[in-house]
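Reading through the structure tokens given below for one structure.
Coordinate-derived values only; no laboratory data. Everything numeric in this text was worked out from a predicted model, so none of it was measured. Cβ: placed from backbone, ideal geometry, glycine included. Neighbour counts: every protein chain shown.
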Amino acid sequence: MKRVLLHVLFWVAYTLQDALMEYTWTASQQPGFTENARFLMAIHAAVVATLPKLILTYYVLYAVIPQVLKGRNMVWIVVKTAIMLCITLVLYRLVFNYYIFTVIYNNTIKTAPLFKLSRLLLGVMDVGFVSATAVAFKLIRMQLSAKEREKDLMKEKLETELKYLRNQTNPHFLFNTLNNIYALARKKSDLTPEIVMKLSKLLRFMLYESGKGRITLAEEMKMMDDYLELEKIRYNNRLNIVFKKDIDNEQYPVSPLLLLPFVENAFKHGVSETRFDSYIHMEIRLHQGLLTFIIENNKENESPGSKDKIGLENVRRQLELMYKEHQLLVFNEPAVFKVVLTINLDSHAKI
């Protein structure tokens, strides 16, 4: 329906423009008619003159262009187009000589021989102009449609990749937490039921909230607090956690599961591999859309698995997809692991 409407608008606009030119050209040859009568005759003539132009125009639009795009034999395409142009010119001259000049203008305008060279060349210009204009519009529309399809495909690709990364993060988090529960279960700890309950709350969040495009910073921090409480139960007194917050707007939207992997990493490759007292110091600041998250933990000797290839690499890729303006700094020292993340939350990409 939209395409039909565009075609109708194009031909109405062209016919009105052609009628105006026809009115200007024939005004001096029809002194006995009023302006309104001359304009109505010009519109009548323009409409009739448009009919043979339709043949060539739609032949080019729906026969020539598809064949060219498919890479068909160009010589044969040119030959067929030339034949169609000749047929159109003959109809064009017949319409002018035996209808427009005789019926509409009642022989007030002097006719020329049917195949006079100057009139044929004028016909080529007239027919060629409208056909070329229509083709130009079609090519522009095809290019815009191709760009829109490319944009949709890119959006779909990014959404799929982001979903894949998040789906990797969720089982990874679950795997780490189940390890914690397993360790307590082996000790037959009375804290095991409480940890299972807290885990169920976190999983509920991941199932129903992490699928959203964005959540509030308050929701993200609540999940982090729940995770910290879960870990405190496991490590008890040998773990010192400091979490500083300086936030001017807790309702600021952020991508879900953005900060939790850093916290997981601090426990998995810091606290869990440290034999003595451990610490995790975190600080989160938000001022006018600029988020800064700093997390530092102590660790012992470097081990082959001390770099969390799944968690941190996933977050790094998610940041590349979601935020145009961000900086992720990782400091891996012999006894300290520190991450400094800075994000302009207003630079969130519309995927």
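Some notes on this structure:
- Note on K2 and A218: the extension gain reaches 73.2 nm, defined as 0.36 nm multiplied by sequence separation minus the Cα-Cα distance.
- Three-way shape call for region 2-115 based on the alpha-carbon gyration tensor, with the a/c threshold at 1.5: oblate
- Antiparallel bridge percentage (DSSP; both residues within the chain; nearest 5): 75
- Projected label points at V242 and N97, each 7 Å from Cα along the beta carbon direction, are separated by 10.0 nanometres.
- Three-way shape call for the chain based on the alpha-carbon gyration tensor, with the a/c threshold at 1.5: prolate
- Estimated from helical segments only, the mean residue ellipticity of the chain at 222 nm is -20500 deg cm²/dmol, where each DSSP H run of four or more residues counts as -39500 (n - 2.57).
- Electrostatic bookkeeping for R93 treats Lys and Arg as +1 and Asp and Glu as -1; over the other residues with beta carbon under 10 Å from its beta carbon, the sum is +2.
- Net length available on complete extension from S28 to Y62 is 8.2 nm, with 0.36 nm assigned per residue and the Cα-Cα distance removed.
- The chain, relative contact order [Cα under 8 Å, separation at least 6], %: 11
- Here region 59-98 is scanned for amide nitrogen atoms under 14 Å from the site 7 Å beyond the Cα of L114 along Cα-to-Cβ, giving 87-98.
- Using alpha-carbon coordinates, inclination of helix 117-186 to the longest axis of the chain, degrees: 10
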